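First comes the structure, then the notes that go with it.
The values are calculated or read from the model by the stated rules, or taken from the named source; none is laboratory data. Everything quoted here is computed from the prediction, not taken from an experiment. Quick reminder, even Gly has a Cβ in these numbers, built from the backbone with ideal geometry, and neighbours come from all protein chains shown. Note: areas computed on protein heavy atoms with side chains; ligands, DNA, RNA excluded. Shrake-Rupley method; radii C 1.70, N 1.55, O 1.52, S 1.80 Å.
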Amino acid sequence: LTLAGKNQSNKGSLLACGDVTMIPLPDSYFDTVALLDVLYHRSVEDEDRAIRECRRVLKDGGSLIVIDSAFNFLKTSYDDEVHVARRYTIRKMREKLVGRGFKIKKASYVFFFVFPIVFAIRYFRKFRPLGIKETDHIFSMNPVVNTIMRIVIYIEALLSRIVNFPFGV
């Protein structure tokens, strides 16, 4: 919050610290709520309560945007290091949201084009030598690779307007 408050573009914005299961704002407050890599986290003990709370603070006709970790078979010890408690499928997320009163306008996986790479890395990591931790591979991204990834994600974002991807990360 301190860092966000220093950013000039946030001047005049409401910055609040809260818990996704107890948002410290009144009912029907937001037009849009975004849960970006939130529900998967182990500190969210009751994701259904969090979804209900998002529904409470959304105005009628408001939008909820959810991006979260996909597929339990992609889980590795790295997930433990970054506090991943759960992963989802589109079907499971749909059930959770519809069960809490949401209508689904769009449901798609993201990072579709990098899925084969992630899957291969996660699969073959199972065979790493004992004593090497999953997080030992974390490093700064090469700027060229970063640029390529930005282009791939941009293309995917454009395509996602007309197609729902069948899998992703």
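Beta carbons closer than 9 Å, at least 6 apart along the sequence or on distinct chains, pair a first residue in segment 64-80 that is under 30 Å from Asp31 (Cβ atoms) with a second that is surrounded by fewer than 17 Cβ atoms within 10 Å (Cβ to Cβ) and of a type in the set (Gly, Ala, Ser) for Leu64/Ala34; Ile65/Ala34; Val66/Ala34; Ile67/Ala34. Ser108 passes every criterion in (1) small (Gly, Ala, Ser); (2) in a loop (DSSP other than H, G, I, E, B); (3) under 25 Å from Ile23 (Cβ atoms) apart from (3). Summed over segment 50-86, the residues that are open to solvent by 50 Å² or more (accessible area, probe 1.4 Å) and in a helix (DSSP H, G or I) give a count of 8.
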